[in-house]
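Enquirer: The structure follows.
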Number of protein chains: 2
Amino acid sequence: MDRSHVRAAATRLHGRVVRTPLVRVPALDALAGRELFLKAENLQRIGAFKARGALHAALRLTPEARARGLLTYSSGNHAQAVALAARELGTHATIAMPTDAPPIKLAAVRALGAEVVLAGTTSAQRQAAALEIQARQGGTMIPPFDHADIIAGQGTATLELIEQCAELGVSLDALLVPCGGGGLVAGAAIVCHGSGTAVYSVEPVGCDAMARSLEAGARVSVEPAPTLADGLKPVQVGELNFSIARQALAGGLRVDDDALARALVRLLVHGKLLVEPSGAAALAAAMSDALPPSCRRVGVLLSGGNVEPSLVASLLQRSEAVA
Amino acid sequence: MDRSHVRAAATRLHGRVVRTPLVRVPALDALAGRELFLKAENLQRIGAFKARGALHAALRLTPEARARGLLTYSSGNHAQAVALAARELGTHATIAMPTDAPPIKLAAVRALGAEVVLAGTTSAQRQAAALEIQARQGGTMIPPFDHADIIAGQGTATLELIEQCAELGVSLDALLVPCGGGGLVAGAAIVCHGSGTAVYSVEPVGCDAMARSLEAGARVSVEPAPTLADGLKPVQVGELNFSIARQALAGGLRVDDDALARALVRLLVHGKLLVEPSGAAALAAAMSDALPPSCRRVGVLLSGGNVEPSLVASLLQRSEAVA
């Protein structure tokens, strides 16, 4: 895969996804001690970048494959994305979701007209449930991250970010990308490869499947630790995702819950943008010492904004002093 | 004044203010029963549209007038805007602010390098304080709303909104604009005059100086009632503002605190954008019966986002059920 695949995806997605704004927030620059260029994918359709990959993968199917319906397994935003793709392309979707999925995400999937099947709490359990449904009633699986069409679709967010920076006359030293299964990261790595922009994955402490795999030189599994970032808890990153990442990533960074909460609150107070904890991961890393000081101009992917209002309220109250 | 004045202001402001995004949120459209086109001036410099008018007015001064320093009186966002204009144009600013101004707004003005003088709680008290300082030490007053250069600058937000709608092939039936002293409203009225887009001012119940003046056919004063919308509490709208409004507004709408709180929370949950209560006024009206049902495509000015985190937390908790 190379940049041409992402460009082709951007052409296919034209008019179907939002060209989200690139946002500058001077107060956050001051806190980070760097210039931050924030890509607001929380303003994307369904509130997260996942709309890009799912729509792109569905657009690449034959009409026959689409007509059989779409299936997937997801803890949240990819579920909404596949539901949106099915509605938009005139077919139906069946989605295996965890029994502990945030209510706001369950409601959103159902509001888009998809059928939800609740299945366990791990990714393996819901994948098994989706495969069982597929064996029984047919349909086309749209996997959450380990697929070339998904990666190319997610890469369009980075393609836009780089274009929007170029319009400002800016070339980035680094780009920080939240990492779950590695779809967004792999897409970013492909777009930035050879460009002089160093791409870093960002994961919650204890959910660092990508960072550990990069360090080991091979995919390793983790037992995900508890984290505020419910979207960044895969046991393992994708195979294709890792094969791209190991060639093209500058490294894997880790952020803890305190840093995630602080980044979410600071972005809300100073930048007026709401992200979910997973969506704050890259910003948290940009405001930490983990990123080399030589990275002065830094792109930050704000990956999504689907979060329970009660959690936002409690983080705002807890963090009043740090904002 | 006509549209050419606003176009000239846009040319002067080019590169100095943010062309804020026009945001579409399907969930809000569904709640409103209309198509809403949201102009996100909460993402403007200093977090509010006021940066436009103040920078424009300061740019129109002679170098000598600028060098004597800028003065103003404001309860909040205009104070930050004048502080920004002074810093940007290499001069100093002295700002009379109310003793009960939100701490977040006081801190922001000081962070921009301006000198703050605390003076009473009413607009008249702080205007008197600013005039007294001017008499003593000189300087150029940048009034908050009742001035052609301010109105032309604020009008650039509407000019962009109309252009951004045109890029989508959309012409608006109506445009809803929060109204304090009437700077943003007068600018919008000038831009939309004769275009087929009906402009409505939106004020808090009991702070309805514009609506009452429109109904009376002459400027009337009000004793502002308590409201969540601390930016929309003038005793009287501006003289020039009213003379424009009476010729060009379709009417004045009113929203209560419940509607403001609901709009703020819904925008945050569904649209991922934080506004202050004043900034939610137009959205609150768009989701109410006050706007004629014939208004199907409606522009909504989200005027600013500078709000205490603790207030947002409490509104989120109170409104959990309604989101």
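The values are calculated or read from the model by the stated rules, or taken from the named source; none is laboratory data. The model shown is predicted, which means the values in this text are computed figures rather than measured ones. Neighbour counts run over all protein chains shown; Cβ positions are idealised from the backbone, glycine included. Keep in mind that these areas ignore ligands, DNA and RNA; they rest on the heavy atoms of the full protein, side chains included. Shrake-Rupley method; radii C 1.70, N 1.55, O 1.52, S 1.80 Å.
Enquirer: Condition test on B:Lys233, is it in the same structural domain as B:Ala30 (by TED's automatic domain parsing) and on the phi > 0 side of the Ramachandran plot?
Expert: Against the criterion (in the same structural domain as B:Ala30 (by TED's automatic domain parsing) and on the phi > 0 side of the Ramachandran plot), B:Lys233 does not qualify.
Enquirer: Determine which single condition B:Val82 fails, assuming it passes every other condition in (1) modelled with pLDDT of 95 or more; (2) in contact with a Pro (Cβ under 8 Å, 6 or more places away or on another chain); (3) of a type in the set (Val, Ile, Thr).
Expert: In the conditions (1) modelled with pLDDT of 95 or more; (2) in contact with a Pro (Cβ under 8 Å, 6 or more places away or on another chain); (3) of a type in the set (Val, Ile, Thr), B:Val82 misses (2) alone.
Enquirer: Going residue by residue through the stretch B:294-306, is there one that turns out to be touching a Leu at 6+ places or on another chain (Cβ under 7 Å), part of a loop (DSSP other than H, G, I, E, B), within 14 Å of chain A (Cβ to nearest Cβ) and in contact (Cβ under 8 Å) with a residue 40 or more places away in the chain?
Expert: Yes, the stretch B:294-306 has at least one match.
Enquirer: Cβ-Cβ distance below 8 Å, separation of 6 or more or different chains: which pairs start in the stretch A:253-275 with a residue that is free of Cβ contacts under 8 Å to residues at least 12 places away in the same chain and end on one that is aromatic (Phe, Trp, Tyr)?
Expert: Filtered contacts from the stretch A:253-275: no entries.
Enquirer: Shifting gears a bit: Scan the stretch B:1-56 residue by residue and report those that are open to solvent by 70 Å² or more (accessible area, probe 1.4 Å) and within 10 Å of chain A (Cβ to nearest Cβ).
Expert: Matches in the stretch B:1-56: B:Arg19, B:Arg24, B:Pro26, B:Ala30.
Enquirer: In addition: Could you list all residues from the stretch A:51-92 that are farther than 26 Å from A:Cys179 by Cβ and hydroxyl-bearing (Ser, Thr, Tyr)?
Expert: A:Thr62, A:Thr91
Enquirer: In the stretch B:220-240, what count of residues is obtained for those that are under 22 Å from B:Leu283 (Cβ atoms) and surrounded by fewer than 17 Cβ atoms within 10 Å (Cβ to Cβ)?
Expert: Residues meeting the conditions: 2.
Enquirer: How do the pairs read when you match residues in the stretch B:25-36 that are in the same structural domain as B:Val170 (by TED's automatic domain parsing) and within 18 Å of A:Ala108 (Cβ to Cβ) with residues anywhere that are of a type in the set (D, E, K, R) and surrounded by fewer than 20 Cβ atoms within 10 Å (Cβ to Cβ), using Cβ under 9 Å and keeping only pairs 6 or more apart or on different chains?
Expert: Final answer for the pair search is B:Asp29/B:Glu35.
Enquirer: At the interface with chain A (Cβ under 10 Å from one of its Cβ atoms) and of a type in the set (A, V, I, L, M) - does that describe any residue in the stretch B:63-76?
Expert: Scanning the stretch B:63-76, I find no residue that is at the interface with chain A (Cβ under 10 Å from one of its Cβ atoms) and of a type in the set (A, V, I, L, M), so the answer is no.
Enquirer: Going residue by residue through the stretch A:261-277, is there one that turns out to be of a type in the set (D, E, K, R) and in contact with a helix residue (DSSP H, G or I) (Cβ under 6 Å, 6 or more places away or on another chain)?
Expert: yes
Enquirer: Out of the residues in the stretch B:57-95 that are in a helix (DSSP H, G or I), more than 18 Å from B:Val17 (Cα to Cα) and touching a residue at least 60 places away in the same chain (Cβ under 8 Å), state the one that is least open to solvent (accessible area, probe 1.4 Å).
Expert: Of everything passing the filter in the stretch B:57-95, B:Ala65 is least open to solvent (accessible area, probe 1.4 Å).
Okay, residues lined up against (1) away from chain B (no Cβ under 14 Å); (2) in contact with a Lys or Arg (Cβ under 9 Å, 6 or more places away or on another chain); (3) at negative phi; (4) open to solvent by 20 Å² or more (accessible area, probe 1.4 Å):
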residue: A:Ala218; (1), (2), (3), (4): yes, yes, yes, yes
residue: A:Phe242; (1), (2), (3), (4): yes, yes, yes, no
residue: A:Asp258; (1), (2), (3), (4): yes, no, yes, yes
residue: A:Leu268; (1), (2), (3), (4): no, no, yes, no
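Enquirer: Taking the condition of being at pLDDT 95 or above and not in a helix (DSSP H, G or I), how many residues in the stretch B:230-271 meet it?
Expert: Residues meeting the conditions: 10.
Enquirer: Still on this model: Restricting to the stretch A:50-77, name every residue that is under 13 Å from the mean Cα position of the chain (by Cα) and modelled with pLDDT of 95 or more.
Expert: Scanning the stretch A:50-77 gives A:Lys50, A:Ala51, A:Arg52, A:Gly53, A:Ala54.
Enquirer: Same structure again: So, of the residues in the stretch A:307-322 that are of a type in the set (Gly, Ala, Ser) and in a loop (DSSP other than H, G, I, E, B), which turns out to be most open to solvent (accessible area, probe 1.4 Å)?
Expert: My answer is A:Ala321.
Residue-by-condition table, conditions (1) of a type in the set (Gly, Ala, Ser); (2) assigned to a loop (DSSP other than H, G, I, E, B):
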site: A:Ser4; (1), (2): yes, no
site: A:Arg12; (1), (2): no, no
site: A:Val18; (1), (2): no, yes
site: A:Ala30; (1), (2): yes, no
site: A:Phe37; (1), (2): no, no
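Enquirer: Also, quick follow-up: Just to be sure I understand, how many residues within the stretch B:216-229 are free of Cβ contacts under 8 Å to residues at least 24 places away in the same chain and either assigned to a loop (DSSP other than H, G, I, E, B) or under 17 Å from the mean Cα position of the chain (by Cα) (or both)?
Expert: Qualifying residue count for the region: 9.
Enquirer: A further question follows. Residues that are without any contact (Cβ under 8 Å) to a residue 40 or more places away in the chain and outside the structural domain of A:Pro226 (by TED's automatic domain parsing), at least 3 per element: which helices (runs of 4 or more DSSP H) completely within the stretch A:96-210 meet that?
Expert: Ranges flagged: A:103-111, A:123-137.
Enquirer: Checking B:Ser288 against (1) farther than 27 Å from A:Pro309 by Cα; (2) open to solvent by 10 Å² or more (accessible area, probe 1.4 Å): exactly one of these is not met. Which one?
Expert: Answer for B:Ser288: the failing condition is (1).
Enquirer: Additional query: Hey, among the residues in the stretch B:128-177 that are closer than 19 Å to B:Ala10 by Cβ and among the acidic types (Asp, Glu), which one's most open to solvent (accessible area, probe 1.4 Å)?
Expert: B:Glu167
Enquirer: Being more than 22 Å from the chain's Cα centre (by Cα) and away from every other protein chain (no Cβ under 14 Å), is that true of even one residue in the stretch A:272-291?
Expert: Yes, the conditions are met somewhere in the stretch A:272-291.
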